[in-house]
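Reviewing the structure listed below.
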């Protein structure tokens, strides 16, 4: 285990030094049963029989002379029943309690008195040992995620498993505090040799793991403060349907039935984008005779051939980059191309080209609203390319879905959705102009199939599925939701909206 240099401040006894050091070691490595601490002229090794509680046995090595040595000998003579003292190469060695003797409160008292007259240093070099090494059952973790209805479980040294349930983290006494050694062993157990090599080289790795009969997981292993950490995101073996996800079935079928163009599922991290994409792909797979090609990092939901032929490629395993995969995909006779995430200009450019040449392209993007997606995509490109990218998006972009997971009345979460269909001229004009306000106003026109978060949240609130507070909290514009709730909302004209915002900027 790595030696840590710690400033522990002024301590009255080496027992305090060991106790504080153990708490610090716990943060990065877990609970130690053995702690070794050293500084110029002093060394201590302390052990305990369990992972909690006081340390019980101490071996002290001190370089002291003169009055300090005399005082040390006097205390040792007082506690000969619980402490043995001898000299080794200029070091005074004290063993409390002596070998073969049982730990006792008197032995701890002796340690305190022996070091009370020694000027203890403030900076120590600390090393822990005898951490937990018992096996962590990955099957039990999956069973717990299912039982708790958790989306994720986080494993960190010194902490019990932490489950994410309805977007809140909850500690579990399922296993007790884990050690770095246990987590590292689990990382090695669930990853392939190639993924293990990546983890050792890059200090992080992301891959898919299948617990047969229970589910899949996107696994993220990484190093923090020199210690391993591990996260499992639960993915069920059976891909959820539109009904399971509480998303509008007819609208989703309309999207899944498209023959070409670009469909984006957006939202913030943890908003369920991957699951929505999986449900879209599964519907296509179940109802159409097509070739579906997915490019993911890593492969998450695992699909099997139904009516369609489906080919899933994992980044780093089957192909080196998203751009290479999308470019190569055009030669693999696909009808539908699914890109795990559009994260760089080359991938976005390839996706747009694929959508423009007669393929249905489905991908995800981080975004807070559907209307701002165009400018988010364009921001990846140099200024000289942006007008061309907007023009291409106007022609190939079919729909942007943006989603937020909202707490339900009675527990659980359900998605609030925003759909931007590129189906009327005001929206396509806003796309080519990169005008978010124009797109947002266009989305509210009755001739468009689009709708805003506020409209969807209002429906959920009226149906009694979410509270008023959450409906307001998850709205993009709370004032718009409140007006809808009072029945006083009317769609603004774009000109008046821009004038109001310009006036607000001048006041600011």
State the Cα centre-to-centre distance between the stretch 172-228 and the stretch 405-421 in whole Å. 31
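Based on a Kirkwood Rh over C-alpha pairs, give the Stokes-Einstein translational diffusion coefficient of the stretch 266-336 at 25 °C and viscosity 0.890 mPa s in µm²/s.
Values: Rh = 12.8 Å.
Taking Rh from Cα pairs, D becomes 192 µm²/s.
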If you count, for each residue, the other Cβ atoms within 10 Å and average over each peptide, how do 235-242, 396-403 line up from highest to lowest? 396-403, 235-242
Relative contact order (percent, whole number), the chain, Cα cutoff 8 Å, 6+ residue spacing: 9
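Order the peptides 318-326, 8-16 from the highest to the lowest mean number of other Cβ atoms within 10 Å of their residues.
Numbers: 318-326: 18.6, 8-16: 16.2.
Peptide ranking by packing, descending: 318-326, 8-16.
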Could you please state, rounded to a whole Å, how far the C-alpha centre of the stretch 259-278 is from the C-alpha centre of the stretch 322-389? 13
What is the Cα centroid distance between the stretch 74-103 and the stretch 425-496, reported in whole angstrom? 78
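Give me the percent relative contact order of the stretch 242-453, please, defined on Cα pairs under 8 angstrom at least 6 residues apart.
Values: 406 pairs, mean separation 46.8, N = 212.
Computed over the stretch 242-453, the figure is 22 percent.
Taking the DSSP beta bridges in the chain as the whole, what percent of them are antiparallel, to the nearest 5? Could you put the intermediate results ahead of the total?
On the way: 69 of 97 bridges.
If I count the DSSP bridges inside the chain, around 70 percent turn out antiparallel.
Each value in this text was obtained by applying a stated rule to the coordinates, not by laboratory testing. Fair warning: this is a prediction, and the values are worked out from it, not measured in the lab. Ideal geometry is used to build each Cβ from the backbone, glycine not excepted, and the neighbour counts take in all protein chains shown.
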